[in-house]
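The values are calculated or read from the model by the stated rules, or taken from the named source; none is laboratory data. This one's a predicted model, so the numbers in the text were calculated from it and none came from an experiment. Counting neighbours? That spans all protein chains shown, and the Cβs are built from the backbone with ideal geometry, glycine included. When the accessible area is computed, the model is the full protein with side chains, heavy atoms only, and any ligands, DNA or RNA have been set aside. Shrake-Rupley method; radii C 1.70, N 1.55, O 1.52, S 1.80 Å.
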Amino acid sequence: MRLGEPARLQAVINVTPLVDVVLVLLIIFMVMAPTLSKGPDVDLPNTKKPREQGDERSRILVTIDQAGGLWIEDQAVAAERFGESLRAGAGDDPDLKVVIRGDARLRLG
């Protein structure tokens, strides 16, 4: 470059800030993912790993808490209205799966 000659602009993309932001977002999602479960917190029993349950859109999550309360997804349901609430949640989908989460401290017999 000579004196009096204008400097040339170099168009170079700096990806370092982009990588930093993506890594921070990845860490945030990894930390927050376990807290995004639906329904009440239950102490699940120790069992073998279940078979693949498929896509979350094609299933209904039913939870039974320690007190015996019934939940469909994240809504508490009275035992008297459980059947009709489950049918309403299923809609017209004949292949819908129902996944049951039961508290380990429940007394079944």
Taking the conditions exactly as written (at pLDDT below 75 and either open to solvent by 80 Å² or more (accessible area, probe 1.4 Å) or not in a loop (DSSP other than H, G, I, E, B) (or both)), does ARG57 satisfy them or not? yes
Residue tally, condition open to solvent by less than 40 Å² (accessible area, probe 1.4 Å) and touching a Pro at 6+ places or on another chain (Cβ under 7 Å), over the stretch 65-109: 1
May I ask you to list pairs of residues, at least six apart or on different chains, whose Cβ atoms are under 6 Å apart, with the first in the stretch 78-105 being closer than 13 Å to LEU61 by Cα and the second being open to solvent by less than 100 Å² (accessible area, probe 1.4 Å) and assigned to a loop (DSSP other than H, G, I, E, B)? ALA90/LEU96; VAL99/GLN53; ARG101/VAL42
Reported set for the stretch 1-43 where residues are in contact with a strand residue (DSSP E or B) (Cβ under 7 Å, 6 or more places away or on another chain) and either modelled with pLDDT of 85 or more or among the hydrophobic types (A, V, I, L, M, F, W, C) (or both) is VAL42
